[in-house]
1. Using a 10 angstrom Cβ neighbour count of at most 13 plus a DSSP loop assignment to flag exposed trypsin sites (Lys or Arg not before Pro), which longest range of the chain is free of such sites?
2. Can you pull the one-decimal nm distance between simple spin-label points at ARG194 and ALA50, each 7 Å off the Cα toward Cβ?
3. Give a quick list of chymotrypsin sites (Phe, Trp or Tyr not before Pro) in the stretch 44-146 that DSSP marks as loop, anything other than H, G, I, E or B, with at most 11 other Cβ atoms within 10 Å.
4. Once you have the Cα-Cα distance between GLU172 and PHE91, take 0.36 nm times their residue separation minus that, and quote the gain in nm to one decimal.
5. Normalised by the empirical 2.2 N^0.38 Å for globular proteins, what value does the Cα Rg of the stretch 81-186 take?
6. Within the stretch 93-117, list the residues whose amide N lies under 20 Å from a label point set 7 Å along Cα→Cβ of ASN154.
7. Solvent-accessible area per residue for the chain at a 1.4 Å probe radius, Å²?
8. For labels at ASN102 and ILE9 in the simple 7 Å Cα→Cβ model, what's the distance in nm?
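The values are calculated or read from the model by the stated rules, or taken from the named source; none is laboratory data. Just so it is clear, the structure is predicted and the values come from calculations on it, not from any experiment. Please note: Cβ atoms are built from the backbone with ideal geometry, for glycine as well, and neighbour counts cover all protein chains shown. SASA here: full protein model, heavy atoms, side chains in, ligands and nucleic acids out. Shrake-Rupley method; radii C 1.70, N 1.55, O 1.52, S 1.80 Å.
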Amino acid sequence: MAISAVGFIDDIFGDNKSKGFKGHIKRLLKEHELSTGLLKMIVIPFVLFAGSLYLTEDILKTVLYTVFGSLSVNLFNLFDLRPGRCIKALFVFLVLFGFFINWSPFYISLLILLVPIFIGDIKEVYMLGDAGSNLIGYIFFVIISKLYNISVNNVVIWIALFVVAALNLASEYISFSEVIEKNKILKYIDGLGRKN
């Protein structure tokens, strides 16, 4: 709820004056303004850290949970620039990691609940916004991390963390939309089901 709520604040009060990690920090240092983006950068890791420490009572898992969870939330927020793209990205990632996921009725229920949301998003009936995309990123993390049961010895977790971190870093220098537009396969997938 907190992760979605801080995204909603960004939806309502946010602006485009600063983007990316560096942009929000520069804005604070140079203009002495706390952007809603920076607020998310503070609140989301704090919530993940506090919740994880309470649930796991393991500082190593808590740090891993906080880093992986925060980067996952931010990554899916970055994908939410076109109708349906954010949830499509979730499905693509889950297909890639699907063999290693311990699927449970709870995870399957989450994905089924996303179907009507996905349809409304891609048909432009409504927008996910940061409130929705933050939640999608968190759902991805919950499924990959086996719902608060992170094993620091699990190679898949480290691979997923590396991929998510690398994409977050890449987003500081390249536009995902431009990359998708230049790749025929990605462009085709991105456009499937979209009105425009």
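1. In short, 18-122.
2. The two pseudo-label positions are separated by 3.8 nm.
3. Within the stretch 44-146, the qualifying chymotrypsin sites (Phe, Trp or Tyr not before Pro) (loop, at most 11 other Cβ atoms within 10 Å) are TRP103, TYR126.
4. My answer for the length gained is 26.8 nm.
5. Cα-based Rg divided by the globular estimate yields 1.13.
6. Correct set: 93-112.
7. That works out to 58 Å² per residue.
8. So the two model labels end up 3.5 nm from each other.
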